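**Student:** Here it is: the structure, laid out below.
Coordinate-derived values only; no laboratory data. It should be emphasised that the depicted structure is a prediction, and the values quoted were computed from it without experimental measurement. Positions of Cβ are generated from backbone atoms using ideal geometry, with glycine treated the same way; all protein chains shown enter the neighbour counts.
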Amino acid sequence: MVVIHPSEVKNQGVIEPLEITKEANFAGVVDRDIVVRDGGTLYLFGTLSKDLAVQPGGKAIVFGTVMGDAWNWGGDLEIYGTVQGRLIRQAGKTQMGRYSRVGHQ
C-alpha cells in the first residue's frame, strides 16, 4: 500500500493526470485529475478538486469528495461520499452508497 501526502502532488507547469497503478490512499486535497489504471486501487478520503477516471481493471472507492466529474470507463467505482460534478458510467461496475450524493446524473 502506498500513502501519498498531498504535499507530494505539486502543480509544476503542465499538469498531467496522476496515474494510480497500485493501491493508494489519499487524505487531504489533490489538485489534479486522477486516472486509476489496470491493477490500481484508489481510496479517496479527502477532496479531489478535479476529475476522476477509472479505467478497465482499476478500482476507486470514494469516501470523500470529487469536485469534478467521475468517469467509469470499465473498472469498479464505489461512491460513499460526494461527486459534485457528473457521474458518467460508460462501462464497468458503479456502486452508490446509501448516503452518497451526486451533483448531476
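**Student:** What's the local net charge at Leu77, with K and R +1, D and E -1, over the other residues with C-beta under 12 Å away? Show your work: numbers first, answer last.
**Tutor:** Details: positive: Lys59, Arg89, Lys93; negative: Asp69, Asp76, Glu78.
That works out to 0.
**Student:** Below 8 Å, C-alpha to C-alpha, sequence gap of six or more: please give me the relative contact order for the stretch 19-90 in percent.
**Tutor:** 25 percent
**Student:** Subtract the Cα-Cα distance of Tyr80 and Arg98 from 0.36 nm times their separation in residues, and report this length gain in nm to one decimal. Can you show the working numbers first?
**Tutor:** Numbers: separation 18, 0.36 × 18 = 6.48 nm, distance 0.74 nm.
Difference between extended and current length: 5.7 nm.
**Student:** Give, in nm to one decimal, the length gained when the segment between Phe45 and Lys22 is fully stretched (0.36 nm per residue of separation minus the Cα-Cα distance). Intermediate results must be reported in sequence, preceding the final value.
**Tutor:** Working: separation 23, 0.36 × 23 = 8.28 nm, distance 1.67 nm.
Between Phe45 and Lys22, full extension yields an extra 6.6 nm.
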